[in-house]
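All remarks here apply to the structure that follows.
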Amino acid sequence: MALESLMTEFFHDCTTNERKREIEELLNNFAQQIGAWRFCLYFLSSTRNDYVMMYSLTVFENLINKMWLGVPSQDKMEIRSCLPKLLLAHHKTLPYFIRNKLCKVIVDIGRQDWPMFYHDFFTNILQLIQSPVTTPLGLIMLKTTSEELACPREDLSVARKEELRKLLLDQVQTVLGLLTGILETVWDKHSVTAATPPPSPTSGESGDLLSNLLQSPSSAKLLNQPIPILDAESEYICSLALECLAHLFSWIPLSASITPSLLTTIFHFARFGCDIRARKMASVNGSSQNCVLGQERGRLGVLAMSCINELMSKNCVPMEFEEYLLRMFQQTFYLLQKITKDNNAHTPTHEGYFSCLDIWTLFLDYLTSKIKSRLGDKEAVLNRYEDALVLLLTEVLNRIQFRYNQAQLEELDDETLDDDQQTEWQRYLRQSLEVVAKVMELLPTHAFSTLFPVLQDNLEVYLGLQQFIVTAGSGPRLNITAENDCRRLHCSLRDLSSLLQAVGRLAEYFTGDVFAARFSDALTVVERLVKVTLYGSQIKLYNIETAVPSVLKPDLIDVHAQSLAALQAYSHWLAQYCSEAHRQNTQQFVSLISTTMDAITPLITTKVQDKLLLSACHLLVSLATTVRPVFLISIPAVQKVFNRITDASAQRLVDKAQVLVCRALSNILLLPWPNLPESEQQWPVRSMNHASLISALSRDYRSLKPTAVTPQRKMPLDDTKVIIHQTLSVLEDIVENISGESTKSRQICYQSLQESVQVSLALFPAFIHQSGRSWLRAPLLGGLRVQMGVPFTEQIIQTFLNMFTREQLAESILHEGSTGCRVVEKFLKILQVVVQEPGQVFKPFLPSIIALCMEQVYPIIAERPSHAAFELFELLFRTLHHNWRYFFKSTVLASVQRGMAEEQMENQPQFSAIMQAFGQSFLQPDIHLFKQNLFYLETLNTKQKLYHKKIFRSAMLFQFVNVLLQVLVCRSHDLLQEDIGIAIYNMASVDFDGFFTAFLPEFLTSCDGVDANQKNVLGRNFKMDRDLPSFTQNVHRLVNDLRYYRLCNDSLPPGTVKL
C-alpha cells in the first residue's frame, strides 16, 4: 500500500529532512481533500500499521474539529455510525495509543453533535461500562468525555460550552453510582469477608464522630480487614474507575452525589498504598510479575489518594460538607497510622505518606482558620480534636526518626537537588515538620511536651560522647568501634539533627504576644542549644577521627551545624528578650550572648568545613542584625573576630563566609541599638571604628587607583581581578544590607566608603570590557542614595555616557549576557534609585534621564527586545510613580474643587513617549515583560489615577483596550488572561458609555474573518454589565466566540453561501 510505504519512509532513520518535508506536504494536501475520510476509514479497517492508523485518525480529528460545519449531514451520519463500530470490533487488538486516539475522535464528534444529532452518544458509554466485556473501554470513553466536554478548548462557542457542562451535570449522579458499584463489586468479590460500610452518621453526632471512629471496634474491624488480592483485570478496571473519579471530582460541585459509601470505598482502595502483605508476597515469590503487581497495588493507593486530594482542594466547602471533612480526617489518620506502624516494611514510594500529609495540612489549615473565626468556642473545638492531634504529632515524629525507620529513611536520596533546590530527604523532613509546626500552633503546650523529651534523649547521647574521646598519635579519636554501637550512634545523630530542625521550626511560637507566657519553655530550649553549640566547638567534634569516617564524621558536622541553625532561628526571641533585659539589666541574657559568641568564634577559620563555617557566620549575622545587644562589641570573642578579619596576614575565608562575617561586623557598628535614644548611640566612636574596618577590608583595592605618577600599578591582571572581585563582593553586600536603614547609618557607611567609591569610578572605564561580573559592582553603590550627593551622581551619569557611543550601547544591549549588557542594566538600576529619591535634590536630572531612556536606550530595545528592557521599563515606571508632579501639576484649587479643574499638564511629549513605549511592549512576545508592564500601568492607575487623566482618556485609553483585546484574541499570552481582563475593565470603567457605544462597535467592525451577522451576534451577546465579574466574563465570551466564528468560517468549503 502506497500510504504504508510513505509512512515507513517518513519515520526511517535514513530519510533526509528535505524528503520528510515533501512527504509531509503530500500527506497534508491529501488530508485537506473533501472525502479523504472515506479512504481513511478503509485504511483503519484494513491495515495493522501503527503509522497509517495514527495518520488516518489525525485526518478524522482535523475534519471534526476544524471542518465539521461544512461536512454534508449524510457523511456525518456515516462517520458517527462507522467509527464506534470499528472501535467495538477491534478495541481488544488495537495498540492502546491507537485505541485511545479513536476514543478521543468519537468523543470529539459527541462534543459537536450530542444530543441533537448524536442522541445515543452518552447512553452508549453507559452501556459499555455496564457490560462486563467492555467495562474498561467504557471507562476510557467516560474519562475522555470528562476531559474533553467538561472543560473544552476554544473551538466551541461559550453557549455550547455551557450547554455541554449542563448536560454532563445531569449525568453525574448516574455515573458516580456506576463507578461506586464497580469499585464495591470488585472489593466485595475479592474480600475474604464482605465489608459492610458503617452507618452514615447524622450531622448532630459529628461532635463525637472522630472519637467514635478512632476508637469504636466496628470501624477498627472494618478498616483492619485484610486487603483483597486482585487479579490483573480487576486491578486494571479499578485503576480506570479511580482515574475517572479523580477527573470528575476536579470539576463537579461538592454535592449530595458524593455519598459516604463512595468516600468509604475510595479510602478502602487508598489502603493499597500501604499494603505490606502484598509487597511481602511479591518479595517472597520473587518473580518479576509479582513485583509488578505489588507496584500496581501501590499505584491503586496513590490513585485513590488523588481522588481525595481533588475533593480537599476545592476552594469552597459548603457547611453540609463538614461531615465529609471529618470522615476524611479520620480515614487519612488511619492510613497514616497504617503507613507508619510497620517499621520494617519498605513502602515502594513515599507518595502515599505525602498524600496523607497533604490532606492533614489542609485539615489543620481548615481547623486553624475555623478557630480564628470562632474564638469564643476555641477550647471546645480544640478539645474535640486534641487526642487525635497529639497522636498525629507522635506518629509524624516517629516517621522522621531513624531510630524507628532506618531502612526506609536511608533509601531517601540526600544528594540530588530537585527543582526547589532540596533533596528527597530534605523534602520529606520539611513537609513532616510543617505538620508538626501546624499542630504546635494549635496545641503549643502539648506539642512542646511531646517534642522536647525526644530531643533530650538524643542530646544525652551526643553530650555523652566526650567520655569516649581518646588521644591517639594522629589526634583525638572517638573510641566507639563496635558495628552495632556505630549504627546506633549514626541513627541517634541523624535524629538529633532532624529534631534540632524541628525545634528551630517552632521558634516563631514563642515570640510576640506569647513571649511572657512561654518564656520558661523557650529559655530552656535556648539554654540547651547554647550549651550544645559550645560543647561541639570546644571539643572540636568536627575534627575527631571515627571508626566509620564516611558516615559518622558528616553526622557530627551536621548536628553541630543544625544546632547553630536552630539557635539562629531563636534570634527574634533573643531580640525580644534583649529589649526586656534592657529594662531589667539581667546578667542571664548577657551570659547567653557571650557563651554563644564563645561557640561561634572558634569556627570562624579556614580549618573548619564550609557547612559548619557558614552556619556559624549566619548565626553571627543574626546576632549583629536582629538581636543587636549594646555590649556585643565589647565581648572578647567578638574582638577576636574583628582582629582576624582585619589582619592582612590571616588566611581569607571562602567568599561566602568572608562576606557574611564582614556584614556582621559592619552591622555591629552601623545599626542603631534598640531602646536607646540618639544621644546614647555613641555614633562618633562607632563611625571611627567603621572607617578603620572598611579601610582594612579595602586596603589592597585602594592601592589599585591610578595616579598621575603611576597611571596603573604593574600587577598581573589576574591578581588585580581577584582583588577587585573579593573587595567589591564584600563592599556591595555591606551597602545592600544598610540600604533600608536610617539616614545616620547610611551616612557613616558612605563616609567610610568614599575613597573606595572614587577608586571604583577611576577603574570602571579601564575594566568595562573585561569579562566577568566583578567590575559591574563598581558603580553599584545606589543603596547609599542621598549620601552620594549631586556631584557624585553627576559623575556616575557622566562616566557612563562617556563610555558608550550609540553604536557601543546598541552592541552591548543586544549582546545578551555580555559584560556591556550587564553594565547597562546596573546603570539603569542606579538611575532607578536616583529617580525615587524624595525632595528636590535630584529633580534637575529628570529631563536628562528621560531623554537618555527614550532617545538612547529605548530605540535599541524597541527594535530587538533584550533583557535590559525589564530594567528600562522599571526605570520609566519609577520615574512616573515618584515624580508624578513633574507631569501633572496639582494646584490647591483643583484639589479643593475635586475634579472641577483638570490638572495642569507639563512635559507632555515625554509623558506621551513613555506611554507609547508601554503600549508597544504589549506587542512583544515576552510574557514576563508583558506581565511586569501591565502591573506597572495598573499600579499607576491605583495610586495616581492614570486612566482618568484627560490626556490618557482622550488619546490613549481605547488604543490600550484595543491592544489588550487583540492579545486575548491571538492567545499569545494566555497565562495572563485574568490579569488582562481586569486591566480592560479598569480602563473601560473610566468611560463605560464610550466603551459600549463607540469602542465596541468600532472594534467589531474592524474584525476580519467574521461576517456582519456574526458581528451583530457578538455585539448583542456583550451585555452592558458594569460590575467586574460580569464584565470580564463578557470580554472572555467575546474573545472565545470571535475565535470560534473564525474557525467555523475557515472550515466551510469554498463558495458556501452563508445565510
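Worth a mention:
- Among the residues of this structure, LEU937 counts as one that is crowded, with 20+ Cβ neighbours inside 10 Å and either at pLDDT 90 or above or more than 32 Å from the chain's Cα centre (by Cα) (or both).
- Residue match in region 712-727 (condition: among the basic types (Lys, Arg), part of a helix (DSSP H, G or I) and either farther than 15 Å from SER752 by Cβ or modelled with pLDDT of 90 or more (or both)): yes
- Selection count where residues are open to solvent by less than 30 Å² (accessible area, probe 1.4 Å) and either over 19 Å from ASN907 (Cα atoms) or not in a helix (DSSP H, G or I) (or both), scope region 838-862: 4
- Region 1-31 - residue that is surrounded by 13 or more Cβ atoms within 10 Å (Cβ to Cβ) and within 22 Å of ASP75 (Cα to Cα) and, of those, modelled with the lowest pLDDT: ALA31
- In region 386-410, the residues that are at pLDDT 85 or above, open to solvent by less than 10 Å² (accessible area, probe 1.4 Å) and not charged (D, E, K, R): LEU389, LEU392, LEU393, VAL396, LEU397, ILE400, GLN401, PHE402, LEU409
- Pairing each residue of region 1001-1021 that is at pLDDT below 90 with any residue that is among the aromatic types (Phe, Trp, Tyr), provided the two are 6+ apart or on different chains, yields C-beta distances under 8 Å for GLY1009/TYR1045; VAL1010/TYR1045; GLN1014/TYR1045.
- For LYS540, the conditions (1) touching a residue at least 60 places away in the same chain (Cβ under 8 Å); (2) over 23 Å from GLN406 (Cβ atoms); (3) in contact with a Ser or Thr (Cβ under 8 Å, 6 or more places away or on another chain) all hold with the exception of (3).
- Taking first residues from region 973-987 that are assigned to a loop (DSSP other than H, G, I, E, B) and partners that are among the hydrophobic types (A, V, I, L, M, F, W, C), the Cβ contacts under 9 Å between residues at least 6 apart in sequence or on separate chains come to HIS973/PHE922; HIS973/ILE927; HIS973/PHE930; HIS973/VAL967; HIS973/ILE980.
- Residue match in region 21-33 (condition: touching a residue at least 40 places away in the same chain (Cβ under 8 Å) and either out of contact with any strand residue (DSSP E or B) (no Cβ under 8 Å at 6 or more places or on another chain) or on the phi < 0 side of the Ramachandran plot (or both)): no
- Qualifying residues in region 536-556 (those that are within 17 Å of LEU459 (Cβ to Cβ) and surrounded by fewer than 20 Cβ atoms within 10 Å (Cβ to Cβ)) - the one modelled with the lowest pLDDT: ILE539
- Any pair with Cβ under 6 angstrom, 6 or more apart, that starts in region 832-854 at a residue that is under 14 Å from LEU872 (Cα atoms) and ends at one that is at pLDDT below 80 and not in a helix (DSSP H, G or I): VAL834/PHE842
- Selection count, region 626-668, where residues are farther than 21 Å from CYS749 by Cβ, within 34 Å of the chain's Cα centre (by Cα) and open to solvent by less than 20 Å² (accessible area, probe 1.4 Å): 2
- Filter result for VAL969 (part of a loop (DSSP other than H, G, I, E, B), open to solvent by less than 70 Å² (accessible area, probe 1.4 Å) and within 18 Å of VAL158 (Cβ to Cβ)): no
- Test result for GLY994, among the small types (Gly, Ala, Ser), in contact with a Ser or Thr (Cβ under 6 Å, 6 or more places away or on another chain) and at pLDDT 90 or above: no
- Filter pass, GLU78 being modelled with pLDDT of 90 or more, of a type in the set (D, E, K, R), open to solvent by less than 30 Å² (accessible area, probe 1.4 Å) and outside any loop (DSSP other than H, G, I, E, B): no
- Among the numbered conditions (1) open to solvent by 10 Å² or more (accessible area, probe 1.4 Å); (2) more than 30 Å from PHE272 (Cα to Cα), the only one that HIS350 does not meet is (2).
- Output for region 411-458, where each listed residue is open to solvent by less than 20 Å² (accessible area, probe 1.4 Å) and under 30 Å from GLU379 (Cβ atoms): SER432, LEU433, VAL435, VAL436, ALA437, VAL439, MET440, LEU442, LEU443, ALA447, LEU451, LEU455
- For region 37-61, the set of residues classified as surrounded by fewer than 17 Cβ atoms within 10 Å (Cβ to Cβ) and closer than 22 Å to ASP1050 by Cα consists of ARG38, THR58, GLU61, listed by residue number.
- Residue, farthest from the chain's Cα centre (by Cα), within region 135-194, restricted to residues that are basic (Lys, Arg) and part of a helix (DSSP H, G or I): LYS189
- Residue match in region 953-962 (condition: open to solvent by 10 Å² or more (accessible area, probe 1.4 Å), more than 25 Å from the chain's Cα centre (by Cα), more than 17 Å from PHE918 (Cα to Cα) and among the basic types (Lys, Arg)): no
- Of all the criteria given as (1) more than 38 Å from the chain's Cα centre (by Cα); (2) crowded, with 18+ Cβ neighbours inside 10 Å; (3) of a type in the set (Lys, Arg), the one not satisfied by LYS85 is (2).
- Residues that are assigned to a helix (DSSP H, G or I), under 27 Å from the mean Cα position of the chain (by Cα) and of a type in the set (D, E, K, R), drawn from region 389-425: ARG399, GLU424
- Checking each residue in region 683-703 for being more than 21 Å from ALA762 (Cβ to Cβ) and open to solvent by 60 Å² or more (accessible area, probe 1.4 Å) picks out PRO684, VAL685, MET688, ASN689, SER692.
- Scan region 638-678 for residues that are of a type in the set (S, T, N, Q) and touching a residue at least 60 places away in the same chain (Cβ under 8 Å) and the total you get is 4.
The values are calculated or read from the model by the stated rules, or taken from the named source; none is laboratory data. Quantities reported herein were computed from a predicted structural model and do not represent experimental measurements. Ideal geometry is used to build each Cβ from the backbone, glycine not excepted, and the neighbour counts take in all protein chains shown. Just so you know, the surface numbers come from the protein's heavy atoms only, side chains and all, with ligands and any DNA or RNA stripped out. Shrake-Rupley method; radii C 1.70, N 1.55, O 1.52, S 1.80 Å.
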